[in-house]
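Here's the structure, in C-alpha cells; my notes come after.
The values are calculated or read from the model by the stated rules, or taken from the named source; none is laboratory data. Everything numeric here is computed off the predicted structure, so don't read it as measured data. Reconstructed Cβ throughout: ideal geometry from the backbone, glycine too, with neighbour counts over all protein chains shown.
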Amino acid sequence: MRVEAGCRISFEADAATPAIFMLRPRSGAGQWIIREEYTLDPIVPVVEYTDSYGNLCQRLIAPAGSFQIQTSAIVETAESIDTQLSAPYVPVENLPDEVIQFLLPSRYCQSDQLYDLAIEIAGDRTPGYDQVEAIRDWIHTQIDYRYGTSDASTSAVDTAAKRVGVCRDFSHLGIALSRSLNIPARMVVGYLYELEPMDLHAWLEVFVGDRWYIFDATQAEPRGNRITIAYGRDAADVALVTQFGPMKLVNMNVWVDTAE
C-alpha cells in the first residue's frame, strides 16, 4: 500500500541551540521510500550522518526564536507484518555479532530486574516467538493504555509496577521482558496507518529464528502499513529530537494518509 506520512514540529528557543533530529525514514524491510521532502523554517545548515544503528540523523543549530521542521514521505508499505508461530529461540552463542547488543539491559529496559515476571508470563511457552507473543498478549490485556500516566523518565520496571502507560512504555516493557529470557529485542519508532489517535508510534522487534519480527502490544491483532524511522535499544537511542540547550516544543502535528 502506498501511504504519505509526515510531521510538522514547531519550537521556540531562547538562544541558538545545537540539536540532532531523527526524522527521515529509509528504504528497508517492509518499506520503500518513493519520494521525500524535508523543510526548515528558517533555513539553517544541516549535516546528516548515519548512527551506529543505521538511522539517518540530521545535525543542526536551531536559531533563537521560532523554528519549524516539516518532513513528509510517500512510502510503499507492507500491508501485513510477518508472523511465525514457533520460530525458534536462537542460543546466544549462535546470534549474529550485531544482534548481541540487543540482549543487554539498557536505560529504560532493565531486563535484569524482570526475569521472574517474564517466567510467570511465558515460562510455559516454547522458547522463541511463542514466548514473545505471550508477552505481547499479556501487556495488551494487563497494561492500561492511558495518556498522561508516564513521562520521559518512566522505565519498564515502572510500567510493570503501575500497569499503565502509552506505546513507548508498552514497547519498553516488551523489550525488557524478552531480553530477560535471552531473546534480543529492539525499539522501533515510526508511523502506523490508521493509528487512533494519530501520533508518532513505538513498537518492538525481536530476533528469533533467523530474523527480526514485529510485535506491537498496543494492537489486538498484527497490523501492517508501518513506516520505520529509527531503531535502537530503547527510547534514548530513537529520540526524534535531542537538544543541547533551552528549546521548547510548541506544537507537533502528525499525519498518515493513503497516497496516489
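Scanning region 65-81 for residues that are outside any strand (DSSP E or B) and loosely packed, with under 15 Cβ neighbours inside 10 Å yields a count of 2. Scanning region 219-260 for residues that are aliphatic (A, V, I, L, M) and closer than 26 Å to Glu98 by Cα yields Ile227, Ile229, Ala230, Ala235, Ala236, Val238, Ala239, Leu240, Val241.
Just the residues that are surrounded by fewer than 23 Cβ atoms within 10 Å (Cβ to Cβ) and either outside any strand (DSSP E or B) or at positive phi (or both), please, taken from region 219-231. Hits for region 219-231 are Gln219, Ala220, Glu221, Pro222, Arg223, Gly224.
Leu103 satisfies every condition listed in (1) touching a strand residue (DSSP E or B) at 6+ places or on another chain (Cβ under 9 Å); (2) loosely packed, with under 15 Cβ neighbours inside 10 Å; (3) touching a residue at least 24 places away in the same chain (Cβ under 8 Å) except (2). The residues listed here are Ala161, Ala152; of these, the one that is assigned to a helix (DSSP H, G or I) and either among the aliphatic types (A, V, I, L, M) or exposed (fewer than 12 other Cβ atoms within 10 Å of the Cβ) (or both) is Ala161. Going through Ser180, Ser171, Ser155 one at a time, which residue ends up being in contact with a Phe, Trp or Tyr (Cβ under 8 Å, 6 or more places away or on another chain), more than 21 Å from Tyr213 (Cβ to Cβ) and at pLDDT 95 or above? Result of the check over Ser180, Ser171, Ser155: Ser155. Looking only at region 156-213, residues that are small (Gly, Ala, Ser) and free of Cβ contacts under 8 Å to residues at least 40 places away in the same chain come to 3 in all. Scanning region 38-51 for residues that are touching a strand residue (DSSP E or B) at 6+ places or on another chain (Cβ under 9 Å) and not in a strand (DSSP E or B) returns Pro42, Val44, Pro45, Asp51.
The number of residues in region 14-37 being modelled with pLDDT under 95, over 18 Å from the mean Cα position of the chain (by Cα) and not in a loop (DSSP other than H, G, I, E, B) comes to 0. Residue count for region 106-119, restricted to those that are more than 18 Å from the chain's Cα centre (by Cα) and either in contact (Cβ under 8 Å) with a residue 40 or more places away in the chain or surrounded by 12 or more Cβ atoms within 10 Å (Cβ to Cβ) (or both): 7. For region 197-211, the criterion of being among the charged types (D, E, K, R), closer than 24 Å to Leu85 by Cβ and surrounded by fewer than 23 Cβ atoms within 10 Å (Cβ to Cβ) is met by at least one residue.
For (1) more than 28 Å from Arg211 (Cα to Cα); (2) touching a residue at least 60 places away in the same chain (Cβ under 8 Å); (3) touching a His at 6+ places or on another chain (Cβ under 8 Å), each residue gets a yes or a no:
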{"site": "Met1", "(1), (2), (3)": "no, yes, no"}
{"site": "Glu4", "(1), (2), (3)": "no, yes, no"}
{"site": "Cys7", "(1), (2), (3)": "yes, yes, no"}
{"site": "Ala13", "(1), (2), (3)": "yes, yes, no"}
{"site": "Arg26", "(1), (2), (3)": "no, no, no"}
{"site": "Ile33", "(1), (2), (3)": "no, no, no"}
{"site": "Thr39", "(1), (2), (3)": "yes, no, no"}
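Only one of the listed residues (Glu76, Glu93, Glu98, Glu48) is at pLDDT 95 or above and either more than 21 Å from the chain's Cα centre (by Cα) or on the phi > 0 side of the Ramachandran plot (or both). That residue is Glu93.
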